[in-house]
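Here the structure is laid out as structure tokens; the discussion comes afterwards.
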Amino acid sequence: MQTKLERNYIDGQFVEPVSGNYLDNIEPATGRPYSVVPDSDARDVDLAVAAAEKAFVGWSRKPATERSAILLRIADLIERDLEKLARAESIDTGKPLSLARTLDIPRAASNFRFFATAILHTESEAHITDNVAFNYTLRHPRGIAGLISPWNLPIYLLSWKIAPAIAVGNTAIAKPSELTPMTAFLLCQICGEAGLPDGVLNMVHGTGPNVGAAITAHPKINTISFTGGTATGRKVAEASAPLFKKVSLELGGKNPNIIFADADLDVAVAGSVRSSFANQGQICLCGSRIFVERSIYKGFIKSFIDNTSKLKLGDPLDEKTEQGAIVSQPQLDKVKFYVDLAQKEGGRIALGGKPPPSISERCRDGYFFSPTVIVDLPVSCRTNREEIFGPVVTITPFDSEEEVIGYANDCDYGLASSIWTQNLRRAHRVAEKIHTGTVWVNCWLVRDLRVPFGGMKQSGVGREGGIEALHFFTEAKNVCLAR
Ligand code: TXE
């Protein structure tokens with residue numbers, strides 16, 4: 001039964017898409033539609049641009065303290081509605097309710113709070129040109145930002161873009177993934193209640209080709225922040241380049257997770273199980289290629305499999321569930337494809353490899369897949385190079401530090417990596433040589449909002465987070481005064 005009607009949010013109003021068309025929104029745990037999403041197109045984007053353009057005049061001139069106060073109210077309201085939002089996120093994505101409650105929704109509140117306060121503590125550079133001039137830097141909001149986000153961490157990632165974009169005085173047109181639009185819709189209600197002026201944030205729902213492409217092609221949207229797959233990122237870059245848009249792309253990953261023999265094994269195993277299977281492996285930062293020093297290889301695999309087997313897979317809305325559903329049928333098919341491919345490439349399935357036995361009557365047609373561990377694969381096979389984005393990891397032995405650095409870097413992606421060792425010198429040495437935007441040592445997914453975040457190689461272009469985000473969403477201007 002369709003229980004909710006989502007609508008676009010344009011100029012402070014909830015409105016129907018111009019076409020009047022809607023897409024089914026499917027609950028991954030049941031495989032059944034439970035709401036509808038506006039199937040918007042370029043005409044809705046045009047309306048949103050008109051609203052954002054009008055709102056920019058007042059919003060960009062508002063004192064930072066006033067913008068900050070509104071963003072802080074949004075953060076408070078997200079926290080007030082934590083349970084409602086967590087439940088919505090869990091139903092929409094298939095992720096465990098407990099994860100949405102402890103990670104996704106709190107992070108959305110933190111994103112607004114962080115950037116609300118960051119704009120109160122900015123500094124500007126001054127450069128004195130000897131005996132000639134005095135320079136200082138002004139940073140202006142750029143105008144209208146287009147913010148496009150994926151389905152794996154819907155409100156977590158969308159708020160990570162919206163908060164800095166509007167905090168510095170831009171207006172925004174956001175497009176959540178058509179697979180997971182619900183919390184974006186609820187966030188608009190919150191923004192209205194928090195007193196965000198009409199038109200500052202506009203939410204246009206719909207597909208990538210219809211709405212995403214209209215955003216990237218729109219001449220009045222001069223800033224694009226995109227998170228999603230690498231193939232889509234390429235399209236976004238192609239559409240934006242002729243218009244000279246400022247673009248930030250956070251794309252896929254195939255992240256190495258390296259365990260040295262001197263690691264604290266219990267900590268490394270627990271951390272690796274989490275980094276492999278959190279959110280069913282559907283986080284761009286998940287460590288999908290595990291490399292283990294040969295002397296502890298067998299022991300690690302045993303312990304890793306023991307711990308993974310204990311993960312409770314079930315109905316995402318069950319409080320005890322640790323592994324929920326995969327987001328969609330195509331994504332489930334993709335996972336199955338790679339598990340088949342791995343076997344054709346010589347891999348052996350040490351755990352999982354198929355959907356779990358029936359979970360419950362409610363979840364009979366849901367998109368579930370057991371956490372899967374594959375061993376005995378060559379390092380450079382497709383399974384070890386291509387992003388699967390599901391609960392599937394490979395484990396490969398290595399003999400030396402040099403060898404494993406080669407393995408880690410032998411990949412088109414460069415988003416994140418983890419190293420587990422108790423040797424501090426080794427940690428620094430390896431961290432310096434790995435080609436990824438983030439290197440975690442003896443931890444995973446510790447995300448301080450101040451640090452630069454982004455990927456190398458095909459994992460993306462640009463950095464967001466902290467000052468990087470404030471700079472990305474502003475235009476620097478040099479003012480030069482003769483002495
Ligand atoms: O993502 P898409 P999809 C990876 C993952 C997954 C693959 C495809 O491997 O299997 O990407 O997933 C919008 N112009 N990641 O297809 O298409 C789209 O509507 C502008 C990794 O779901 O990249 C959505 O809002 N926008 C990733 C957003 O782009 C377009 C997270 C992302 O969707 C568009 C998700 C277009 N032409 C998937 N086409 C990560 N690294 O976080 C689509 N979109």
Boolean, residue 40 is open to solvent by 10 Å² or more (accessible area, probe 1.4 Å) and touching a residue at least 60 places away in the same chain (Cβ under 8 Å) = no
Pair list, Cβ < 7 Å and 6+ apart or interchain, from region 327-339 residues that are within 11 Å of the ligand (Cβ to nearest atom) to residues that are part of a helix (DSSP H, G or I) and of a type outside the set (D, E, K, R) = 327/93; 338/383
Does residue 332 meet the test of being in contact with a strand residue (DSSP E or B) (Cβ under 7 Å, 6 or more places away or on another chain) and within 26 Å of residue 31 (Cα to Cα)?
-> no
Candidates 283, 221 - the one that is in contact (Cβ under 8 Å) with a residue 12 or more places away in the chain, within 16 Å of the ligand (Cβ to nearest atom) and in contact with a Gly (Cβ under 6 Å, 6 or more places away or on another chain) | 221
Report, by residue number, each residue of region 426-483 that is open to solvent by 20 Å² or more (accessible area, probe 1.4 Å) and small (Gly, Ala, Ser).
-> 431, 437, 462, 476, 482
Could you name every one of the helices (runs of 4 or more DSSP H) located completely within region 127-218 that has at least 1 residues being more than 15 Å from the ligand (Cβ to nearest atom), open to solvent by less than 10 Å² (accessible area, probe 1.4 Å) and in contact with a Lys or Arg (Cβ under 7 Å, 6 or more places away or on another chain)?
-> 154-167, 182-194
Which one of these is more than 17 Å from residue 96 (Cα to Cα) and assigned to a loop (DSSP other than H, G, I, E, B): 317, 341, 377?
-> 377
Pairs, first within 23 Å of residue 25 (Cβ to Cβ) in region 185-206, second at pLDDT below 95 and assigned to a strand (DSSP E or B), C-beta under 9 Å, six or more apart = 185/4
In the set 247, 292, 236, the lone residue that is in contact (Cβ under 8 Å) with a residue 60 or more places away in the chain, β-branched (Val, Ile, Thr), assigned to a strand (DSSP E or B) and within 16 Å of the ligand (Cβ to nearest atom) is 247
Scanning region 352-408 for residues that are within 16 Å of the ligand (Cβ to nearest atom) and of a type in the set (D, E, K, R), the one most open to solvent (accessible area, probe 1.4 Å) turns out to be 382
Filter result (buried (at least 24 other Cβ atoms within 10 Å of the Cβ), in contact with a helix residue (DSSP H, G or I) (Cβ under 8 Å, 6 or more places away or on another chain) and within 22 Å of residue 433 (Cβ to Cβ)) within region 257-284 | 257, 258, 259, 268, 272
Going by the conditions given, is residue 254 of a type in the set (Lys, Arg), in contact (Cβ under 8 Å) with a residue 12 or more places away in the chain and under 19 Å from residue 436 (Cα atoms)?
-> yes
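The values are calculated or read from the model by the stated rules, or taken from the named source; none is laboratory data. All of these numbers come straight from a predicted model, not from anything done at the bench. Positions of Cβ are backbone-derived with ideal geometry, glycine not excepted, and every protein chain shown enters the neighbour counts. Ligands, DNA and RNA are excluded from the accessible area calculation, which covers all protein heavy atoms including side chains. Shrake-Rupley method; radii C 1.70, N 1.55, O 1.52, S 1.80 Å.
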